[in-house]
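Below: one structure, written as C-alpha cells.
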Amino acid sequence: NAGVTQTPKFQVLKTGQSMTLQCAQDMNHEYMSWYRQDPGMGLRLIHYSVGAGITDQGEVPNGYNVSRSTTEDFPLRLLSAAPSQTSVYFCASSYSGQGGNYGYTFGSGTRLTVV
Amino acid sequence: AQKVTQAQTEISVVEKEDVTLDCVYETRDTTYYLFWYKQPPSGELVFLIRRNSFDEQNEISGRYSWNFQKSTSSFNFTITASQVVDSAVYFCALRPYNQGGKLIFGQGTELSVKP
C-alpha cells in the first residue's frame with residue numbers, strides 16, 4: 001500500500017518552462033488536493049478535486065492547472081514557470097467516513113526551484 | 001471567512017519543559033473538523049489528531065494533549081516533558097463542513113527543544 005506518491009522529489013526549472021507534478025494514490029480516496037508551502041505562510045491550497053472529472057480552485061490557483069481523469073491521479077501543471085512558484089508542493093488525498101471520520105494522507109512533497 | 005491563526009511563529013524550550021502551541025480558528029460552520037500535523041526536519045507531514053466540532057472532549061495521547069474550546073474557537077496542543085525529537089514545525093488546520101479535500105492551514109509554529 002503506497003499511499004500518496006509524488007514525483008519528482010526535486011526539480012529545477014527555468015523561467016517560462018512548463019512541467020507537470022505527478023500525484024497518484026492507491027487508496028480509492030474520492031478527494032485530492034494540491035498545496036504549496038512557503039516559509040512563514042503554512043500550506044496554501046492551490047486546487048482540489050472531489051472526484052474524477054471535478055476540480056475547483058483553492059486559495060492560490062493562478063499559474064497552475066489541474067485535471068482529474070481518474071480517481072487515482074491528480075497532476076498539477078505549471079504552464080509557464082515563474083520564480084514566485086519556487087516552493088515545496090504537497091499532494092493529499094482524503095475520504096469522507098462515517099461520523100465525520102475524515103482522513104488525509106499527504107505525499108512526501110516536491111521541492112521546486114524556478115531560476 | 002475561514003481562517004486558522006497560529007500566533008506563535010517560533011518557540012524554544014529546554015528538554016523536559018512543558019510547551020503549549022496555540023491555535024485559533026474562524027468559521028461560520030457549525031460542523032467542522034480540526035487537525036494537528038507535525039513536520040519534522042525531514043519534511044513529511046505527520047498526522048497527530050483530528051477533532052470534530054461536535055466532540056469537545058479533550059484528548060490525551062502519551063505526552064501529547066489537546067484542549068478544544070468552541071467558546072473561544074481554540075484548539076491548543078500541549079507537549080508534556082518535551083524531548084529533542086519533538087523539534088519540528090507544527091500545523092493546525094481546519095476542514096470546513098462539506099468541503100472534501102479542502103484543508104485550511106495555520107502558518108505553523110516552529111518548536112525547538114534544546115537538550
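The values are calculated or read from the model by the stated rules, or taken from the named source; none is laboratory data. For clarity, every value in this text was computed on a predicted model and none was experimentally measured. All Cβ positions, even for glycine, are placed from backbone atoms using ideal geometry, and neighbour counts span all protein chains on display. Heavy atoms of the whole protein, side chains included, go into the accessibility calculation; ligands, DNA and RNA do not. Shrake-Rupley method; radii C 1.70, N 1.55, O 1.52, S 1.80 Å.
A few points about this structure:
- Count of residues meeting criterion [modelled with pLDDT of 95 or more, open to solvent by less than 50 Å² (accessible area, probe 1.4 Å) and over 14 Å from the mean Cα position of the chain (by Cα)] in segment A:1-34: 2
- Residue ID - farthest from A:Arg111 (Cα to Cα), chosen from residues in segment B:12-34 that are within 14 Å of chain A (Cβ to nearest Cβ) and at pLDDT below 95: B:Thr30
- Matching option when the condition is within 30 Å of A:Thr110 (Cα to Cα) and among the β-branched types (Val, Ile, Thr), among B:Ile60, B:Ile79: B:Ile79
- In segment A:59-70, residue nearest to B:Gln39 (Cα to Cα) [restricted to those that are at pLDDT 95 or above and touching a strand residue (DSSP E or B) at 6+ places or on another chain (Cβ under 8 Å)]: A:Val60
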